[in-house]
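The values are calculated or read from the model by the stated rules, or taken from the named source; none is laboratory data. As the structure is a computational prediction, the values presented were derived from the model and not from experiment. No Cβ is skipped: glycine too gets one built from the backbone with ideal geometry, and neighbour counts run over all protein chains shown. The protein model used for the area step is the full one, side chains on, heavy atoms only, and it has no ligands, DNA or RNA in it. Shrake-Rupley method; radii C 1.70, N 1.55, O 1.52, S 1.80 Å.
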Amino acid sequence: MGFKLFGNGAEPTIEEVHQQQGRRPSATEAIAQDRRRKSVSDREVTGASQITLRQSIVPVTLVTVLFFLWGFAYGLLDVLNSRFQVALHITQGESSGLQGAYFGAYFIGPLTYSGWFVRKFGYRWTFILGLSIYCVGALMFWPSAVKRSFGGFCGSMFIVGSGLSTLETSANPYIAVCGPPKWSEFRLELSQSFQAVGSVVAPVLASYVIFKNVGENGESLESVQWVYLGIAGFVGLLAVVFYFAPIPEITDADMADQAEMTTAATGYKDKPISKQYTLFWGVAAQFCYVGAQVAIASYFINYYTLARPDEAKITAQQQGANYYAIAQGLFAAGRFAAAGFMYVTKPRYILLAFQTFIMIFLIAAIAVDTGHGTRANWGGLSMLMIVLFFESCIFPTIFTLSLRGLGRHTKRGASFLVASICGGAVIPAILGNVADKIGTRKAMVVPLSFFVIAWSFPIYLNLFKGKELDAYRESKVGSEEGVIDPDSRMASISGGPGRTDKDIEATVEFKNY
């Protein structure tokens, strides 16, 4: 029953939420409860629905460390893709098995054990579970490198992906809901900016440290063993840190409670998850976007190698890792820029603009060949690097906008959105096999077609959901502890926004819901 995609599962009913609203703890009490380090029922209103910006800084900062961690792992993944093509003598299409294993885990985990686990035991224990699985996967790289087994590497990467998907099932929604709802998009965008920083650091280290000494033929894998052994040790230590970290739980009951404190202009109505159509459109868009993004990142070095016919293959791969690091630097800069834009303008506008520019510059990267097959194609390469800048904000923005208004279904909805990351297992495989036939530059039409599908989501949001999404930016919930919006449901039953806890308790006890 816990693994059902639809149905109540561990989620509270709206009646259960209403029964607890009159005796709701304060946000200060909710934060103090984290010292118990016990799992919290997802049906319990803890008071975390009112966490203020100041109260959210410490837990959000701690969880942001995890974003850097899997940004680093993702950055290494793309470099490993090209390294294994040389060291293990496999084709571009075969090397996509690494992405297939990593992102395939994202399809399985969030819809089964990790999605159930976060609803059953809460965010803290899900962080610890994800880090523990990640540690095991990193340790498995050692025997895989000793045996020079690509299948072993794929299996190890599947375990790593299982751990990271478990972390994403908890970390993304936690950042989105921990604090005032008006800053949800800004918080997740800023936190994920540090994931992008990890993705910049990884290929730089790979180029200058990790894969600096790979033997004369470029086939040594000894450095891979030591890198992942170090990662395993760090991740294990981090799991211990999160056991003691101040992480207040935020339950689905809290999210339903928060939704009823928020302005009526959001159009919030409690509906079964099977009727949350914006969520499922967002899931489809996320599948297409992530798959296309991963496809471009996975074959960026192959694109560079093709764009530099004037360099030897091993040299081109090493230089390609350097330019990929620069492109990831643009990606990180794009996330920080988008976070800044979100502080002053509407996230739905930014999502539409950035997705539009992605397609424009990707078309240019496909069409432009300034080297004409004999010299360096700097024109096409620069266009592809700019694509990464505009890719930067898409995932966190789709994620948060899709979660808007889910209330008691927030954790389950987040599981679906994380599961959609499995697009990274599908689209790179298509691109890799097409690239083997027509070349990497022309094969970029594959991610382009999926970007077009994902583009439909911001168009839908701007045409049909703009008023409801914008209302969240006007909400005062979380601006100060205990504040609710004057036109919210909670204000209407308690006599206005200036109510006391005793007023609500008395009103709720005698109100017929």
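Tabulated values for the structure
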quantity: Carbon + sulfur, % of accessible area of the chain - ligands and nucleic acids excluded, 1.4 Å; calculated: 65 percent
quantity: Cβ crowding within 10 Å averaged over residues, with 350-356, 270-276 ranked highest first; calculated: 350-356, 270-276
quantity: Sequence-distant residues sharing a close amide H with VAL477 (under 5 Å, placed H); calculated: ASP485
quantity: Per-selection metrics, segment 289-441 (Cα): Rg and Dmax in Å; calculated: 17.2, 59
quantity: Separation in nanometres of the label points that stand 7 Å from Cα toward Cβ, at ALA284 and GLN19; calculated: 3.8 nm
quantity: Segment 414-469 shape via C-alpha gyration tensor axes, a/c threshold 1.5; calculated: oblate
quantity: Which of LEU352, GLN33, GLY379, positive extreme of dipole for the chain (C-beta unit charges); calculated: GLY379
quantity: Out-of-range pairs (alpha-carbon distance over 21 Å; input LYS346/LYS476; LYS275/LYS476; LYS182/LYS465; LYS147/LYS313); calculated: LYS275/LYS476; LYS147/LYS313
quantity: Hydrodynamic radius (Kirkwood) for the chain, which is based on Cα pairs only, to one decimal in Å; calculated: 23.3 Å
quantity: Among THR262, PHE399, ASN302 the positive-end extreme of the charge dipole of the chain (Cβ point charges); calculated: ASN302
quantity: Helix axis angle, 53-87 relative to the chain longest principal axis, alpha carbon, degrees; calculated: 20 degrees
quantity: Point-charge dipole on Cβ atoms (K/R +1, D/E -1) for the chain, about Cα centre, debye to 20; calculated: 320 debye
quantity: Solvent-accessible area per residue for the chain (1.4 angstrom probe, square angstrom); calculated: 37 Å²
quantity: Degrees, to the nearest 10: 184-205 long Cα axis against longest axis of the chain; calculated: 20 degrees
quantity: Shape call, segment 215-284: gyration tensor on alpha carbons, a/c limit 1.5; calculated: oblate
